[in-house]
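Written out below as structure tokens is the structure these notes cover.
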Amino acid sequence: MNLTNKERGEQFILLTSVYVTTITLLGLALFYRTQRESYNGKEQYSKLLVAENAFEKSIAEEIPKVDSLSAQIIRYSGNVNAAFLEDDIKYGLNEISSDYQRLKNDRRYIVLYHVHALYNTLFINRRELEGNMKDIDGLNQSWDDCKHSTRQLRESLSRESLK
């Protein structure tokens, strides 16, 4: 195939134009799609930042409630006959539980559920501990009475045996 210079020039121009057109189309498709995805990524990132800030704000509102509830439970004494103290603690526990129920569709708020469960268990254990301490004191008193009665019986038996 002997081509003339004119035909070679035409083929060169044709191949060059096909090459440039192909590179342009591929570059356009590649960069247009990347720009679109980065734009979507920016939107998603900004939405995630807004959601994260809302989460931090709501948790920051919960921290004082949790701290005061913790202090109330630790100070709670079953020896004090004040129903309002127990009611305040139960109200605080219910408030944390309702906050979790309101926000439970977001898995990050499960920490509120765990706080509620932990403090509820702590409160129940504090009440039981006070009851157990009362029982122990009662049993110690009964044991002291029993020892005293046993001593008195021994003394009376020893006096009667001496007569």
Next on the checklist: So N140 ticks every box in (1) farther than 30 Å from N53 by Cα; (2) of a type outside the set (S, T, Y); (3) modelled with pLDDT under 85; (4) surrounded by 10 or more Cβ atoms within 10 Å (Cβ to Cβ) but one. Which box is left unticked?
Outcome noted: (3)
Checklist entry - Mind checking whether some residue in the range 129-136 is of a type in the set (D, E), under 23 Å from A71 (Cβ atoms) and out of contact with any Asp or Glu (no Cβ under 9 Å at 6 or more places or on another chain)? => result yes
Next on the checklist: Every residue in the range 60-111 that is more than 22 Å from L48 (Cα to Cα), of a type in the set (V, I, T) and not in a loop (DSSP other than H, G, I, E, B), please.
Outcome noted: I63, V66, I73, I74, I89, I96
Checklist entry - Between residues in the range 77-88 that are closer than 15 Å to G131 by Cα and residues that are at pLDDT 80 or above, which pairs lie under 6 Å by C-beta distance while being six or more apart or on different chains? => result G78/R127; G78/E130
Checklist entry - Which one is farthest from the chain's Cα centre (by Cα), of the residues in the range 1-39 that are modelled with pLDDT under 90 and among the small types (G, A, S)? => result G9
Next on the checklist: Based on this model, can you work out whether E130 counts as over 30 Å from F55 (Cβ atoms), acidic (D, E), more than 16 Å from the chain's Cα centre (by Cα) and surrounded by 11 or more Cβ atoms within 10 Å (Cβ to Cβ)?
Outcome noted: yes
Item to check | Residue list for the range 59-82, restricted to those being of a type in the set (S, T, N, Q) and modelled with pLDDT under 85 | outcome: S77, N79, N81
Next on the checklist: Restricting to the range 143-162, count the residues that are surrounded by 10 or more Cβ atoms within 10 Å (Cβ to Cβ), more than 30 Å from S77 (Cβ to Cβ) and not aliphatic (A, V, I, L, M).
Outcome noted: 7
Next on the checklist: Cβ-Cβ distance below 6 Å, separation of 6 or more or different chains: which pairs start in the range 53-75 with a residue that is under 23 Å from R107 (Cβ atoms) and end on one that is hydrophobic (A, V, I, L, M, F, W, C) and surrounded by 10 or more Cβ atoms within 10 Å (Cβ to Cβ)?
Outcome noted: V66/V115
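The values are calculated or read from the model by the stated rules, or taken from the named source; none is laboratory data. Keep in mind the model is a prediction, meaning the values are calculated, not measured. Positions of Cβ are generated from backbone atoms using ideal geometry, with glycine treated the same way; all protein chains shown enter the neighbour counts.
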